[in-house]
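Input: a single structure, listed below in structure tokens.
The values are calculated or read from the model by the stated rules, or taken from the named source; none is laboratory data. Keep in mind it's a predicted model, so treat the numbers as computed, not measured. Here the Cβ positions follow ideal geometry from the backbone for every residue, glycine too, while neighbour counts run over all protein chains shown. Accessible surface is based on the protein model in full, side chains and every heavy atom, while ligands, DNA and RNA are left aside. Shrake-Rupley method; radii C 1.70, N 1.55, O 1.52, S 1.80 Å.
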Amino acid sequence: MKLVRFRHDGEARVGALASERVVDLQASFAAAMTDSGTPASVARLEAVVRIPGSLRAFLALGGPAKEAAEQAVAFAADYADSSFESTPLTASAGTTRLFAPVADPQKVICIGQNYRDHCAVQNQPLPERAIIFAKFPTAIIGPGDSIVLPRISEQVDYEAELAFVIGKRGKHVAESEAAEYVAGYMCLNDVSARDIQFGDKQWVRGKTFDTFAPTGPALVTSDEIPDPHNLNIELTLNGNRMQSSNTSNLIFGVYYLVSYLSQVVTLEPGDIVTTGTPGGVGIFRNPPVLLKTGDEVSVTIEHLGTLTNPVVAET
């Protein structure tokens, strides 16, 4: 399932992408209940409980939310042109405003220098341990939102990354069981102010400006991605390919990272872990290629879709 958050009458709802349509999971689940004889008022309340507007809250509900979503998608497939209390069950994916899939995570955990080709470009040895840093949730934006170039930086760079989202609470997770804790995968652009990152000698401040974590377009559930370590990943800047690699080049894989991180912190539903970027970032090009006002940057990962964001200056 491809889970999204979208705008409905000024509020965010959780939906699912299906056949170029966005299924309104709340409306479709409520309609399915009324079709089975449940009063509309009861169905509406039950739909809000089972399919909340926050994807983090949705994931925290676990199995019941997933079952409700599957029921909603199945009902919408049969009654795509129907509505529930004047709310259409589906809308065109091409015209629907999408938000960041998970806008309110407790944690955004980032992994540095985690691609073999990225280390090779920098003439760096492969790290013996995963390099950990963080972004704050205020950095998160969604598809089509603007990356804002900070006034205090002149070297803002792009980084295409595979991110995964935690689906259930875990501590001291064994690597052999780690797949059970991954809800799904999405694209992330680890936007980075290089002058601040390198000047500080640590990475958090230069990595976590507002808008420096574009994510989306959807959270693709793990059952649709049987092997996250064999996905093509690329980034284009104004239509020009700047990064092109495969997640087979990851040094520390998804399941290792779940286990490794859970030895330190309790992982919670909705936590985002972004796994690092391949070679081709702008700062190490000759001459460097850095983001500027008017640019458009797109991250594409096989089976996950394309995340596109314009670039603007801070006002």
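Restriction of the GluC sites (Glu not before Pro) in the stretch 1-51 to DSSP coil positions whose beta-carbon has at most 16 other beta-carbons within 10 angstrom yields 20. In a fully extended conformation the segment linking residue 41 and residue 230 would gain 63.4 nm over its present Cα-Cα distance, using 0.36 nm per residue.
Specify the angular offset, from 0 to 90 degrees and rounded to the nearest 10, of the alpha carbon long axis of helix 25-35 from the longest principal axis of the alpha carbons in the chain. With rounding to tens, the tilt is 20 degrees. Neighbours of residue 109 by Cβ distance under 9 Å: Lys/Arg scored +1, Asp/Glu scored -1, total +1. Among the trypsin sites (Lys or Arg not before Pro) within the stretch 109-155, those in coil by DSSP and having at most 16 neighbouring Cβ atoms inside 10 Å are 129, 151. Fully extending the segment from residue 313 to residue 92 would add 76.4 nm, taking 0.36 nm per residue of separation and subtracting the current Cα-Cα distance. If a spin label sat at a point 7 angstrom from the Cα of residue 205 along the line to its beta carbon, the backbone N atoms of the stretch 273-315 nearer than 20 Å would be those of 314. When the Cα gyration tensor is reduced to axis lengths a ≥ b ≥ c, the ratio a/c is 1.5 or higher for the stretch 94-172, and with a/b not above b/c it is classed as oblate. Counting heavy atoms of the protein chains alone, residue 132 has an accessible area of about 80 Å² for a 1.4 Å probe. Peptides 186-193, 271-278 ordered by packing proxy, namely the average of other Cβ atoms within 10 Å per residue, highest first: 186-193, 271-278. For the cross-link pairs 107/201; 135/201; 171/201; 2/292; 201/292, the ones whose C-alpha atoms lie over 20 Å apart are 107/201; 171/201; 2/292; 201/292. Of the GluC sites (Glu not before Pro) found in the stretch 128-198, the ones in coil according to DSSP and having at most 11 other Cβ atoms within 10 Å of their Cβ are 128.
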